[in-house]
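J.: Quick one: this structure, given as structure tokens, is what I'll be asking you about.
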Amino acid sequence: MSPEYRAVTNGIEVVVRTYFLEDQSDLESGPWVWAYQVRITNLGRETVQLLRRTWRITDAHGRLQIVQGAGVVGEQPVLEAGESFEYTSGTPLDTSSGIMVGAYHMVATASGQAFDVAIPAFSLDSPGQRAQLH
């Protein structure tokens, strides 16, 4: 079972699980590839929409890549109270481990108030490595 990383911000819960994709990775020289599954749940009372995302991806050498864009996996989901949205995506690294952290930029649909939701930091570790947040 892969580890689960969880954060709650402004009534929005984000849960992330990671999976090393050995069949898509070159274990000798890289790249190493991971999938991550995200579940976003609206624990609040107001309908919200995910508009944009920002990721900070750091490899084992400390090299930082910032990825920003509209929505997630081509969607800008609207979540009513109690609803969840799940998606799976992936990332390659030039090192056998790293870390990802980020934020979803959302808006409360009724009030138009924009707010950010933390994506918890999660570790990307290849097999044989001790799982750790870098």
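J.: Please tell me if Ile40 is more than 15 Å from Gly90 (Cα to Cα) and either outside any strand (DSSP E or B) or touching a strand residue (DSSP E or B) at 6+ places or on another chain (Cβ under 7 Å) (or both).
T.: Against the criterion (more than 15 Å from Gly90 (Cα to Cα) and either outside any strand (DSSP E or B) or touching a strand residue (DSSP E or B) at 6+ places or on another chain (Cβ under 7 Å) (or both)), Ile40 qualifies.
Each row is one residue, and each column tells you yes or no for (1) more than 16 Å from the chain's Cα centre (by Cα); (2) assigned to a strand (DSSP E or B); (3) charged (D, E, K, R).
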position	(1), (2), (3)
Trp55	no, yes, no
Gln65	no, yes, no
Gly69	no, yes, no
Ala81	yes, no, no
Glu86	no, yes, yes
Ser89	no, yes, no
Tyr104	no, yes, no
Phe115	yes, yes, no
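J.: What pairs can you find where one residue is in the range 21-37 and surrounded by 15 or more Cβ atoms within 10 Å (Cβ to Cβ), the other is modelled with pLDDT under 90, and their Cβ atoms are less than 7 Å apart, with a gap of 6+ or different chains?
T.: Trp32/Ser126
J.: Here's a follow-up. As an exercise: evaluate Leu93 against (1) out of contact with any Ser or Thr (no Cβ under 8 Å at 6 or more places or on another chain); (2) at pLDDT below 95; (3) surrounded by 15 or more Cβ atoms within 10 Å (Cβ to Cβ) and give the number of the one condition it does not meet.
T.: For Leu93, the failing item is (2).
The values are calculated or read from the model by the stated rules, or taken from the named source; none is laboratory data. Every value quoted in this text rests on a predicted model; they were computed, and no experiment measured them. Note: ideal-geometry Cβ built from the backbone for every residue, glycine included; neighbour counts use all protein chains shown.
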